[in-house]
Each structure stands twice: as structure tokens, then as C-alpha cells.
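What follows draws every value from the coordinates through simple rules; no lab data is involved. Bear in mind that the values here come from a model prediction, so they are computed numbers and not experimental data. Don't worry about glycine lacking a Cβ; one is built from the backbone with ideal geometry, like all the others, and counts go over all protein chains shown.
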Amino acid sequence: MMSCEEHTAAGREDLRPNLPILLGAGLTLTALSLVSLPLPAAIASVVLGALMFAGAEIDARTYLLPDFVTWGGMVAGIFLAPVLDSADPWWSSTAAAAARAAMTASAVALLRACYGWLRNREGLGFGDVKLAAAVGAWLPLAFIPFCFALATCAALVAVMLSRLRGESFEATSKLPFGAFLCPALWLVFYAVAVSG
């Protein structure tokens, strides 16, 4: 049996990203971003992509989203907002990103609370609420619903594929939603950056 200290150390070890996966994904998205985006957007894409690929890998493995991914994603999105939106004054871009982050996190927190009240069990974790703040910080308001729709569709496809493979998936089965929302955030950000 593990002691409390050993269990805590093992838990921290689980929340470290798989470095080969992160390095491979990081090199790929760095090359893609540098080739297809202006330099400020490419740097932002690499920062966001590294955080989101780490978050997806960790959540898929542990069903937890570490704070360095969620808080780091939100802070980076707010901090880089003036760089990405050079048409507006820096304070306006920063305030808009912070407001979107707060609004998106509040909406997901309300959804989490309503689901818990109706079903008497947790449906979304606090990590998903914090990740929602990162979604709001990085994406224009019109693209936030699309990001959640993309993540939800990907999660549904994953559930359908697991059912087709004969795996059981019940109403109480756990699904690491962050493993779908993290890549969806980067993909939507990248698509917006390429088109804009």
C-alpha cells in the first residue's frame, strides 16, 4: 500500500505530459504555424497548441486537466490578445478576452451545476470549467459555440466507435471531455487565424 506522500508523488507524475507525444505534436504544429501564419499568430498558435496537446494527452490518460493547462491557457489567451488583435487598443483587447473567458467559464459552470442538480452526480469537472475560460480567452465570441460543438461531436464519434468495437459505455461511464475540447480549441483558433 502506498503512503500518502507516495500517492501524491504518483499523482503529480501522472499529470506530467508524455514528452515524446508533446514533442512530436509540438514540432508538427510549429512547422504548420510558421508556414501558414504571420509570426505573432504563429507564436500564439505554438503556445496554445503545446498547452492543448499536453492537456488532451493528460486528460485522456488521467481524467484530469492540470492547472498549468487550464489557467495557463486562459492567462496566455488574455496576455496575447493585444498581439492578435492589433486593430484595437491593448486594454480593449485584453478586457474583451477576459470578459469572454469569464462568460464562457460561467456558462459551463452553470451547465455543470444544472447537470449535477438534475442527475445527482458530476457531469463536468472543474478542469472543464477552467478550460472553458481558456476557450473564451482565445476565440472570438462567434467561434466559441463552434469550438464546443466540434469537441462534442468528436466525443460522440469516439463513443460510437467504442460501442462498435463492442466496448460497453453506460450513462455513468467517464469520458475525458478535455481530451476533445483541448484539440478543438487549437483547431478553431488555427482556422480563425488562417482565415483572418
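Assorted remarks:
- Relative to the longest principal axis of the Cα atoms of the chain, helix 4-14 runs at roughly 50 degrees.
- Cα-based shape type of the stretch 118-196, given that a ≥ b ≥ c are square roots of the gyration tensor eigenvalues and the cut on a/c is 1.5: oblate
- Helix 67-84 axis, angle to the chain major axis (alpha carbon atoms, nearest 10°): 20
- Stretch gain in nm, segment residue 194-residue 165, where the contour uses 0.36 nm per residue and the Cα spacing is subtracted: 6.8 nm
- With Cα atoms, 0 to 90° folded angle of helix 144-164 axis to the chain main axis: 30
- Packing-based ranking, highest mean first, of 33-41, 57-65, 118-126, 176-184 given that Cβ atoms within 10 Å are counted: 176-184, 57-65, 33-41, 118-126
- Packing-based exposure ordering (other Cβ within 10 Å, fewest first) of 138, 91, 186: 91, 186, 138
- The chain: most fluctuating residue of 23, 139, 131 per GNM, C-alpha cutoff 10 Å: 23
- Peptide ranges 67-78, 93-104 listed from the most packed, as the mean C-beta count within 10 angstrom indicates: 67-78, 93-104
- Computed helical MRE - 222 nm, the chain, DSSP H runs ≥ 4 contributing -39500 (n - 2.57), nearest 500: -26500 deg cm²/dmol
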